[in-house]
Each structure stands twice: as C-alpha cells, then as structure tokens.
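Contents: one structure, followed by commentary.
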Amino acid sequence: MLETLRHKISQLKREAFALYLAYRHPRCPRYAKIFTALVVAHTFSPIDLIPDFIPILGYLDDLVITPLGIYFALKMIPPQVMQEARQQAKMLEQEGKL
C-alpha cells in the first residue's frame, strides 16, 4: 500500500510539472495559459472564495475548484503539447532533476 501511494505521488508530481512545462510551451494557446495561471493563483492564494473556517464548505472550495480547474486546463492545452511536456517531465524525472 505504501509503495502504491509513493507511485501515485510520483505520478502527480510529474503531471503537475508537465502542466507547468505545457504552460510555457510556445504552441500553448494564450487562453489556456491565462486559465492555467488563474487556477494556480487560486490554488496558492491565501484568499479563498469560501473561507476555510466555514465548516465543510471552506475545504470543499479547495477540493472541488482546484481539480476541476486542472481538468479544464488540461483539456484546453493541445494534446501534442501535453504529450511533449509529459515526455520532457518523465525524462527529467529519470535524470533525477525532478
């Protein structure tokens, strides 16, 4: 079970880095770059749409909006760009640079 969790964390780390690489890719559309930047800003912003001190709803904001934002950002990025970014992220991970 611990090994499975490590594998999932490694995949998530690689996918997040691939999204970053795709964001910086010159063939990534401007609207996808803007949307991805907004998702990242929302995720790391100390200001929430629904404050965390509100029971359940405060954390639901983070648990729903961020994954949905990432999902839609991945849909906006052309598949070829995302494939190149995933390959580059995998190569960097194998080299120990990720």
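Could you work out the percent of alpha carbon pairs in the stretch 1-51 separated by over 16 Å, rounded to a whole number? Of all Cα-Cα distances in the stretch 1-51, 56 percent exceed 16 Å. Around the Cα centre of the stretch 1-56, unit charges on the Cβ atoms of Lys, Arg, Asp and Glu (plus for the first two, minus for the last two) sum to a dipole of about 420 debye. When each of the peptides 71-79, 59-67 is scored by the mean number of other C-beta atoms lying within 10 Å of its residues, the order from highest to lowest reads 71-79, 59-67.
Considering only 35, 72, 23, whose Cα is most displaced toward the positive end of the charge dipole of the stretch 18-94, charges sitting on Cβ of Lys, Arg (+1) and Asp, Glu (-1)? The residue sitting most towards the positive pole is 23. Based on alpha carbons, the Rg and Dmax found for the chain are 15.2, 44 Å. Think of each Lys and Arg Cβ as +1 and each Asp and Glu Cβ as -1; about the Cα centre, that makes the dipole of the chain roughly 520 debye. Evaluating 6.51 cos²θ - 1.76 cosθ + 1.60 at θ = phi - 60° for every residue in the stretch 10-25, the Karplus couplings come out as 4, 5, 5, 5, 5, 5, 5, 5, 5, 5, 4, 5, 5, 4, 8, 5 Hz, glycine and proline recorded as x.
The numbers here are math on the coordinates, done by the rules we state, and not lab data. Just so it is clear, the model here is predicted, and its values are computed rather than measured. In this analysis, Cβ positions are derived from the backbone assuming ideal geometry, glycine residues included, and neighbour counts consider all displayed protein chains.
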